[in-house]
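To keep things clear, I will list the structure first and then write my remarks on it.
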Amino acid sequence: MKKNGLRVNRVGFATRGGCRLAEEDIRRVLDSGIDFLNWCGHPDALSRTIARLGPRRRDVTICVQFDARTALAAEAELHAILTELGTDYIDAITFYYVESRSEWEQIIGPSGAYEFCDKAKQHGKIRFIGLTTHQRWLAAETVQSGLLDLLMIRYNAAHRGAEKEVFPITDRLGIPRSRLYLPSLGGALEANSRRSTGIRRSQCAGMVSFRTGIAVGIGCSDGTE
């Protein structure tokens with residue numbers, strides 16, 4: 001994926017709350033060549049590993065799910081994120097799980113979270129601002145606002161509507177997009193994750209595959225999703 005100088009390899013890694021990964025698992029992920037980490041915002045092995053990256057931090061792109069809807073909440077959340085991750089900047093945040101127009105309007109309205117995050121971006125605390133949603137109509141609407149640098153949208157074999165409703169717009173605007181993909185894949189996922197990282201399926205929190213600005217995220221936790 002590339003936009004405004006951001007480059008990542010095709011495969012990234014994500015965690016979800018409650019996963020049982022150890023720091024050695026995350027280091028193995030990084031040693032395999034993965035350089036995009038998507039953190040869920042809950043302290044875990046991924047956040048501890050990021051905090052200990054040292055000089056390697058500059059070679060890893062960190063994306064964080066961002067819950068705040070107001071500027072006041074955004075300021076507190078960003079401070080907590082930077083403290084937990086032991087870094088002075090975040091490569092990308094995504095306003096997490098925005099499912100209605102009213103939420104989006106709150107975020108971008110007066111004293112909304114976007115107001116603070118845009119200022120933080122100007123000061124180098126955040127490099128890119130994005131959004132995650134399952135609503136294709138809302139994804140299409142928000143990316144055309146000109147306020148977002150990237151988009152995460154649900155897209156899989158059972159949910160292909162984004163091919164017509166979202167992707168043509170993001171292609172035209174040059175907005176990198178991530179495809180949320182959260183199935184139970186059984187043995188195929190277990191074999192693939194072992195081969196690429198050595199991590200068992202029951203440990204895997206999420207794999208993200210990038211291609212031409214598209215990401216495919218595979219979420220799994222304790223072998224149930």
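Note on the stretch 83-113: residues that are touching a residue at least 40 places away in the same chain (Cβ under 8 Å) and in a helix (DSSP H, G or I) amount to 4.
Considering 96, 89, 114, the condition of being among the hydroxyl-bearing types (Ser, Thr, Tyr) and in contact with a helix residue (DSSP H, G or I) (Cβ under 7 Å, 6 or more places away or on another chain) is satisfied by 114 alone.
Of all residues in the stretch 48-60, none that is farther than 13 Å from residue 85 by Cβ has its Cβ atom under 8 Å from the Cβ atom of a residue that is among the aromatic types (Phe, Trp, Tyr), 6 or more apart or on another chain. Here residue 128 meets each of (1) surrounded by fewer than 17 Cβ atoms within 10 Å (Cβ to Cβ); (2) of a type in the set (Phe, Trp, Tyr); (3) closer than 23 Å to residue 37 by Cβ with one exception, condition (1).
Among the residues of the stretch 39-60, the ones that are outside any helix (DSSP H, G or I) and buried (at least 20 other Cβ atoms within 10 Å of the Cβ) come to 2 in all. Taking the criterion of being over 17 Å from residue 73 (Cα atoms), part of a helix (DSSP H, G or I) and not aromatic (Phe, Trp, Tyr), the residues of the stretch 114-161 that qualify are 122, 136, 138, 139, 140, 141, 142, 143.
Taken over the stretch 61-80, the criterion of being touching a helix residue (DSSP H, G or I) at 6+ places or on another chain (Cβ under 7 Å) and either under 14 Å from residue 130 (Cα atoms) or not hydroxyl-bearing (Ser, Thr, Tyr) (or both) is satisfied by 62, 64, 66, 67, 68, 69, 71, 73, 74, 75, 78. Taking the stated definitions as given, is residue 83 within 18 Å of residue 41 (Cβ to Cβ), polar (S, T, N, Q), modelled with pLDDT of 95 or more and touching a helix residue (DSSP H, G or I) at 6+ places or on another chain (Cβ under 8 Å)? When the stated conditions are applied, residue 83 does not pass them.
The values are calculated or read from the model by the stated rules, or taken from the named source; none is laboratory data. Note that the coordinates shown come from a computational prediction; the quantities given were computed from them, not determined experimentally. Positions of Cβ are generated from backbone atoms using ideal geometry, with glycine treated the same way; all protein chains shown enter the neighbour counts.
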